[in-house]
Amino acid sequence: MSGPSTYVPKSAIGRWFESRLPIFGLVHSSFIAYPVPRNLNYMWTFGAILSFMLVAQIVTGVVLAMHYIPSSTQAFASIDNIMRNVNYGWLIRYLHTNGASLFFFACYIHMFRGLYYGSFKPPRELLWIIGVIIYILMMATAFFGYVLPWGGMSFAGATVITNLTSAIPLVGNAIAHWLWGGFAVGGPTLTRFFALHYLLPFIIAAFVALHVWALHVAGQNNPDGIEVKDLKRDTVAFTPYATIKDVVGLSVFLILYVWLVFYIPNYLLDADNSVPANPLATPAHVVPEWYLLPFYAMLRAIPSKFWGVVVLVSALIVLLFIPWLDRSPVKSAKYRPTYRFFFWVFVAIGIGLGYLGSQEPTEGLALIARILTFGYFAFFLIIMPILSFAEKTKPIPTSIADAVLTKTKTAVAAAE
């Protein structure tokens, strides 16, 4: 949608360079003159926030890797050394650990926004699929990173999750032994997880580049879910209109980030991870980080290890097929009242599963988790397909410009 670049450097050196490597023209057409829908709201700033957080995680991670020792006998001590003896090591570590939580927080808002406004529908199916792949890679990266401190919860979490792979028929035991580097979680496991944790963020960065590329080809969705019909009336230049929103949104997000790092840096960390790993002492209640809790609740809700793994994997795989499960011609939930109701029910289900994943398992809570797990899949596999042809939608504006003008006239009339 950005089209060929019209950027022409003013200097002779600039024109010489641009004729051989048109990188400035690419930046100009993609991030300055690129047309964006004029009705975008602040929910669209989370793309920029996520880009910033990815860079922040990679930079702080590289610095931490310079001082970390992936050894079962020295890993915990190396973290303590970073916190106490490395210049600003405490700050780098807190930026990295809390940054992971805020990275997922922004990612969940970004994904729920896509579900609400129909950003997964044609012509953006591939854009959504790449985004889901990035999310799955983030989950894997976060799990590998959670093991690296080699505290009590890290060791227990690694043992529980890696044991799940043994439920896979035929190849499960081989995968588990490869992850362990032996016959149980130990030093070789830590070395493997450190290598994977270091590698995956760069793979994520590559997929983010594909994600941005796909976005520029298909164009951005908007709160009304209406495709651009007239570039002059329906769009504005990315800079300064969208960039100002991104700067404001990122600034507010950074306030939350800084507050978390400087005032409650350990709030999201598990106390059981503050003691060295001990194979003979398992924490009373093994739980992953908060952003993995909904899927952990699904896993625990199923008595069978094999079917628990199937449900866990299916909960992620189903996200890839959403563009074909919801076939409604109307994208935005603004004009889909029934879908909007079930969307908020789905949000409540996700929060409920997250809460259940953080609690000690009981028969009563397991039953509730099974019900919510059914609701999770029902939203995608039952509600979405049925509403695709059975929902009565509201009339949508003929263009983005008309939607903006109608909203402006309504606001003026209300003020009068």
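The values are calculated or read from the model by the stated rules, or taken from the named source; none is laboratory data. Computed from a predicted structure; not experimentally measured. Neighbour counts run over all protein chains shown; Cβ positions are idealised from the backbone, glycine included.
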* Among the helices (runs of 4 or more DSSP H) lying completely within region 273-369, list those that include at least 2 residues that are without any contact (Cβ under 8 Å) to a residue 40 or more places away in the chain and farther than 30 Å from Val185 by Cα. => 337-358
* Asked: Of all residues in region 33-59, which are touching a Ser or Thr at 6+ places or on another chain (Cβ under 6 Å) and under 22 Å from Ala205 (Cβ atoms)?
  -> Tyr34
* Failed condition for Gly172, given (1) touching a helix residue (DSSP H, G or I) at 6+ places or on another chain (Cβ under 7 Å); (2) over 23 Å from Phe194 (Cβ atoms); (3) crowded, with 22+ Cβ neighbours inside 10 Å, with all others met? -> (3)
* Asked: Which of the residues spanning region 356-392 are surrounded by fewer than 17 Cβ atoms within 10 Å (Cβ to Cβ) and hydroxyl-bearing (Ser, Thr, Tyr)?
  -> Ser358, Thr362, Ser388
* Top-ranked residue of region 370-390 - restricted to ones that are without any contact (Cβ under 8 Å) to a residue 60 or more places away in the chain and either of a type in the set (S, T, N, Q) or in contact with a helix residue (DSSP H, G or I) (Cβ under 7 Å, 6 or more places away or on another chain) (or both), ranked as nearest to Ala297 (Cα to Cα) -> Gly375
* Asked: Could we say that Val287 is within 24 Å of Met139 (Cβ to Cβ) and among the β-branched types (Val, Ile, Thr) here?
  -> yes
* To do: Given the conditions (1) crowded, with 19+ Cβ neighbours inside 10 Å; (2) among the aromatic types (Phe, Trp, Tyr); (3) farther than 18 Å from Phe321 by Cα, report the number of the one that Trp90 does not fulfil.
  => (1)
* Could you tell me whether any residue of region 167-187 is under 21 Å from the mean Cα position of the chain (by Cα), outside any strand (DSSP E or B) and in the same structural domain as Leu269 (by TED's automatic domain parsing)? => no
* Asked: For Ala348, which of the numbered conditions (1) within 16 Å of Tyr116 (Cα to Cα); (2) among the small types (Gly, Ala, Ser); (3) more than 19 Å from the chain's Cα centre (by Cα) fails to hold?
  -> (3)
